[in-house]
Amino acid sequence: MAIDRDAVLKAAVGVLSRQPTAHLDEIARAAGISRASLHRIFPGREALIREVGLLGLRRYNSALDAAAIETGDTASALRRLVDLLVPDAALCAFLAGENQLFDDPELCALWEEQDARVRAFFLRGQQEGVFRIELAAGWLSEAFFDLLAGVGWAVQDGRLAPRDSAFALTELFLGGALRKTSTS
């Protein structure tokens, strides 16, 4: 029987996003395979962690592309981005919690490239008067990603229904990030 590599990565995300120090035995068990089978696919923990990190960054980049955050109304673009990212929120939780990824120059370069796009998106929204200007664009980017990771953890732990997660993230984030207009 062939082992589905994507299913193994998905199981690894499920375990590692909540337990970053989980042993390979736990990951193999979650994937429904033996540790020896896991080692045939990934020669060690570092290789598995790196592959999950690459998967997360690729999906994040694909969502940024598909949401077309560089064009159009920024609030609408944010909603599109949320809709595309929420299904992979557990991957974002993994990326947020895995320190080993920061030791890999390729992963760091990919992360910085994507973070620069999101910072530019928030800066554009600030310049258009959509997002609050007293909050740094870099911090808005970080806060957005951290809230997305929080959605991943909350869904995994059963504190947030998957069908409610995009709405919850969008409303919470925009409720704090949108510029308030004066009514006086």
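See the values below:
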| quantity | calculated |
| --- | --- |
| Residues of the stretch 34-92 satisfying the condition of being under 19 Å from residue 170 (Cα atoms) and among the aromatic types (Phe, Trp, Tyr) | 60 |
| Failed item, numbered, when residue 159 is tested on (1) loosely packed, with under 13 Cβ neighbours inside 10 Å; (2) in a helix (DSSP H, G or I) | (2) |
| Wholly within the stretch 1-101, helices (runs of 4 or more DSSP H) carrying at least 3 residues that are modelled with pLDDT under 90, closer than 15 Å to residue 149 by Cβ and small (Gly, Ala, Ser) | 89-97 |
| Subset of the stretch 117-133 [of a type in the set (A, V, I, L, M) and either within 15 Å of the chain's Cα centre (by Cα) or loosely packed, with under 12 Cβ neighbours inside 10 Å (or both)] | 118 |
| Every residue from the stretch 102-116 that is surrounded by fewer than 19 Cβ atoms within 10 Å (Cβ to Cβ) and either outside any helix (DSSP H, G or I) or in contact with a Lys or Arg (Cβ under 9 Å, 6 or more places away or on another chain) (or both) | 104, 106 |
| Within the stretch 64-79, considering residues that are out of contact with any Lys or Arg (no Cβ under 8 Å at 6 or more places or on another chain) and small (Gly, Ala, Ser), the one surrounded by the most Cβ atoms within 10 Å (Cβ to Cβ) | 77 |
| Residue 178 vs. criteria closer than 21 Å to residue 73 by Cα, modelled with pLDDT under 90 and either of a type outside the set (Gly, Ala, Ser) or out of contact with any Phe, Trp or Tyr (no Cβ under 6 Å at 6 or more places or on another chain) (or both) | yes |
| Residue in the stretch 164-179 that is exposed (fewer than 13 other Cβ atoms within 10 Å of the Cβ), outside any helix (DSSP H, G or I) and not polar (S, T, N, Q) present | no |
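The values are calculated or read from the model by the stated rules, or taken from the named source; none is laboratory data. Everything numeric here is computed off the predicted structure, so don't read it as measured data. Please note: Cβ atoms are built from the backbone with ideal geometry, for glycine as well, and neighbour counts cover all protein chains shown.
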